[in-house]
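Colleague: Right, I'll just put the structure down here and ask away after.
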Amino acid sequence: MKRRTFLGAAITGIGVSLIGKAGADQPPIKIGMSMPLTGGLAGGGKPSLLGIEIWRDDINAKGGMLGRKVELVVYDDKSSASETPALYSKLLDIDKVDLLFAPYATVPTAPIMPLVKQRGMVLIGNFSFQVNSKIHHDMWFNNAPWGPADAWASAFLDIGQKAGGKTVALLTADQEFAQNLAKTAREVAGKRNLPIVFDQAYPPNTVEFSSIIRALSAAKPDIVYVASYPPDSAGILRAVNEIGVGDNVKLFGGGMVGLQFGPVMAKMGSLLNGVVNFNTWLPEPGMYYDGTKAFFEEYSKRAVAAKVDPLGFYLAPFGYASGQLIAAAVKATNSLDQKAIAKYLHENEVKTIVGPIAFSADGERKETATLQAQFQGIVDNNIDQFKKPGKQVILFPEKLKSGNLITPFEAARK
Amino acid sequence: MFSMDLLLEAVVTGVLLGCFYAAVSIGLSVSFGLLDVPQVAHPAFLVMASYAVFFLNDGYDIDPLLAGVLITPLLFVFGLLAYRLYYETFERRGTDAAVRGIAFFFGIAFIIEVLLILYFGVDQRSVTASYIGKSWRIAGMRVPLRLMVAFAVAGGLTLLLSVYLSRTFMGRAIRAVAQDEEAVRLMGANPVRIKQWAFGIATAVLGVAGALLIIVSPVDPTLDRAYIGRTFCVVVMAGLGSMTGTLIAAIILGIAETIVLTMFGASWAPAISFALLLGILAVRPQGLLGRR
């Protein structure tokens, strides 16, 4: 009996080690993507990639997916829309990746949509806005919390109306993302009978905003909805501080990209006070889920060496969540079959470090989780203050609300 | 809606903005306007200077303008070396040097951009100083103080360079090389050395210009791309090699841009610089103050 037991144990042991060896010998699962690592979008692309890399290391430490290690194949798309179609063709035809992640932002993502749809690949989107609205790819899943197209403008204008706002000014960058926001804002304002008293799109590379702010101020709006890109956001706030926007403005901000990035926030300091702006994650009560705290501890350590945003609230945890989405689907379907993965993601809610994510038919969030938060009590030159709660109080969504709006805007700035 | 107050404010801001454009273009007026060097890396040098100013301001709390002055000698040496490299590898070798020179300077611009990304990262950088973020109230008008600083410094720079080029021996030698290089050679002078010196000066003025750039708005490593069109437009519109013309052309551009931004809609502003350029060249092919 003893001999039999010994033989059985030995055979089992050899078998297990052979299976284990076979697992280790299996090629890794390749996830391909381009990322803006240089160019104007790199300030977002780099932290986003760091979030994905932290997920890769975590999943590999747990044995990978389907018993195979996960490997990332990443190319720099230089923030350019003209680079991405060729890079994704290369990822599919030469690197033969198993899964695809989209690059950060709308502009580099939009041109790859037809290719990805034609090849029948699942694409985990990365903070692009409305890129699938015309393509209708049924395997697109955006990691961003935007939700329905008009949710962003609705939330902001709601806050403005509750503060007594009756007229709207739109100041937007002449680029796809900002123009999409402006379009929905016009529609929402129209439905609510809010007259638009100023509506201007400024061109990229605008150096000086004081003239535009003067013209905006002359229109005397109550609500100022700004959709701007990082270099412009800082320029606009400086001009607002120097010129002023008028005492009647009750709400200012909405869609200013850049005011979510640590170095920009630290430099802008007290100029941020009063601005109500969109965000995706903030260190406020109710924003912590399973793994969130551990993620930021790891991110803080690695951000210094990677020379990226030391806070990383805006994009990095969603990069990690992209990995969690795909891992959940691969594990549940036990395969890399694109249709099966897409079906799973359409039908199931996935728990991530940024909260539970469920998709609607168009691959966007079923429900918006985009925050509108007001900067309050910000002092100059102190990046650590943003790690504490109470500095960006959440006004929307209601279930995450962590403070009250200070209005009018000029009063909130003091 | 038309308003005289808005128009007046637009003109004042335009003059100040124009002076800033003059400050960032005046080095190019020397290197491209006088020396015929296709210095497409000029805006990249400018951004590099801004980062050096950021380094001194952020790390050592030095005022940005003072930091700009401190890095000027280093930029002068950098300019000397860059021109020597360009001369040895391109200009000396043939008549199509200008075309190949463009590739050389594009390469340098790209290398500078990558080095800035590697050292400083990709995030925007800005500086702090007592005159940033504040405004002066003049006749009921709020004028950004940082633009007034740009106005004063640009005026000073233009005056300094004009005096240097017209009153000093080396300045006149630079103008002579620009007019007839062969004649200078026949006089026993070394035109290459003179051009190298002039290129050094064109690069050195970027110290203060780079400080103004980061004072006026935040910078990132790719900002040079935004300034290529504007700086070349100013220099060509001015009339190649004219320092006073550069200031005048930049002010015209600044006023036109701000009036359009304020009164007619921001979307039209980018077309203004090139529409003005075409208009002026149609009437005066040699530029505003250029010689035939």
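Colleague: Pull up region A:277-325, narrow it to residues that are assigned to a helix (DSSP H, G or I) and within 14 Å of another protein chain (Cβ to nearest Cβ), then point me to the one that is farthest from residue A:355 (Cα to Cα).
Modeller: Among those that are assigned to a helix (DSSP H, G or I) and within 14 Å of another protein chain (Cβ to nearest Cβ), it is A:305.
Colleague: Could you run through region B:225-242 and say how many residues are away from every other protein chain (no Cβ under 11 Å), part of a helix (DSSP H, G or I) and not hydroxyl-bearing (Ser, Thr, Tyr)?
Modeller: Number satisfying all stated conditions: 7.
Colleague: Also: Let me confirm something: among A:108, A:114, which residue is closer than 20 Å to residue A:93 by Cβ and either modelled with pLDDT of 95 or more or among the β-branched types (Val, Ile, Thr) (or both)? Working first, answer last.
Modeller: Numbers: A:108 fails: either modelled with pLDDT of 95 or more or among the β-branched types (Val, Ile, Thr) (or both).
The unique qualifying residue is A:114.
Colleague: Now a separate question. Kindly list, by first and then second residue, each pair from a residue in region B:102-120 that is away from every other protein chain (no Cβ under 13 Å) to a residue that is among the hydroxyl-bearing types (Ser, Thr, Tyr) and in a helix (DSSP H, G or I), limited to pairs with Cβ atoms under 9 Å and residues at least 6 apart or on different chains.
Modeller: B:104/B:86; B:104/B:89; B:105/B:86; B:108/B:86
Colleague: Next question, about the same structure. Let me spell it out: the conditions are (1) surrounded by 18 or more Cβ atoms within 10 Å (Cβ to Cβ); (2) within 18 Å of the chain's Cα centre (by Cα); (3) within 30 Å of residue A:372 (Cβ to Cβ), and residue A:148 meets all of them except one. Which number is the exception?
Modeller: Result: residue A:148 passes all but (1).
Colleague: Can you name every residue in region A:330-377 that is within 22 Å of the chain's Cα centre (by Cα) and at positive phi?
Modeller: A:355, A:363 - these are the residues of region A:330-377 that are within 22 Å of the chain's Cα centre (by Cα) and at positive phi.
Colleague: Got at least one residue in region B:95-106 being among the aliphatic types (A, V, I, L, M) and closer than 30 Å to residue A:262 by Cα?
Modeller: No, the conditions are met nowhere in region B:95-106.
Colleague: Is it the case, given these coordinates, that residue B:254 is touching a residue at least 24 places away in the same chain (Cβ under 8 Å), assigned to a loop (DSSP other than H, G, I, E, B), surrounded by 14 or more Cβ atoms within 10 Å (Cβ to Cβ) and on the phi < 0 side of the Ramachandran plot?
Modeller: For residue B:254, the condition - touching a residue at least 24 places away in the same chain (Cβ under 8 Å), assigned to a loop (DSSP other than H, G, I, E, B), surrounded by 14 or more Cβ atoms within 10 Å (Cβ to Cβ) and on the phi < 0 side of the Ramachandran plot - is not met.
Colleague: Of everything in region A:223-244, what is more than 10 Å from chain B (Cβ to nearest Cβ) and more than 29 Å from the chain's Cα centre (by Cα)? Give them in sequence order.
Modeller: none
Colleague: Here's another thing I want to ask about it. Could you figure out which of (1) within 24 Å of residue A:293 (Cβ to Cβ); (2) out of contact with any Ser or Thr (no Cβ under 6 Å at 6 or more places or on another chain); (3) touching a residue at least 24 places away in the same chain (Cβ under 8 Å) isn't true of residue A:353?
Modeller: It fails just one condition, (2).
Let's see how each residue does on (1) modelled with pLDDT under 90; (2) in a helix (DSSP H, G or I); (3) not aliphatic (A, V, I, L, M):
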position	(1), (2), (3)
A:205	yes, no, yes
A:220	no, no, yes
A:232	yes, yes, yes
A:245	no, no, no
A:252	no, no, yes
A:258	yes, no, yes
A:271	no, yes, no
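Colleague: If you don't mind, another one. Can residue A:202 be described as hydroxyl-bearing (Ser, Thr, Tyr), within 26 Å of residue A:44 (Cα to Cα) and within 12 Å of another protein chain (Cβ to nearest Cβ)?
Modeller: For residue A:202, the condition - hydroxyl-bearing (Ser, Thr, Tyr), within 26 Å of residue A:44 (Cα to Cα) and within 12 Å of another protein chain (Cβ to nearest Cβ) - is met.
Colleague: Of the residues that sit in region B:191-223 and are within 11 Å of chain A (Cβ to nearest Cβ) and either more than 21 Å from residue B:19 (Cβ to Cβ) or not aliphatic (A, V, I, L, M) (or both), which one is surrounded by the fewest Cβ atoms within 10 Å (Cβ to Cβ)?
Modeller: It comes out as B:222.
Colleague: Would it be correct to say that residue A:376 is at pLDDT 95 or above and over 26 Å from residue A:54 (Cβ atoms)?
Modeller: yes
Colleague: At least 3 residues that are within 14 Å of another protein chain (Cβ to nearest Cβ) in each: list the strands (runs of 3 or more DSSP E) lying fully within region A:43-135 that qualify.
Modeller: none
Colleague: For residues that are over 27 Å from residue B:65 (Cα atoms) and touching a residue at least 12 places away in the same chain (Cβ under 8 Å), tally how many sit in region B:184-205.
Modeller: 5
Colleague: Shifting gears a bit: From the residues in region A:238-264 that are aliphatic (A, V, I, L, M) and in contact with a Gly (Cβ under 9 Å, 6 or more places away or on another chain), which one is farthest from residue A:45 (Cα to Cα)?
Modeller: This residue is A:249.
The values are calculated or read from the model by the stated rules, or taken from the named source; none is laboratory data. Worth saying up front: this structure is predicted, and the values here are computed from it rather than measured. Glycine also receives a Cβ, built like all others from the backbone with ideal geometry; neighbour counts cover every protein chain displayed.
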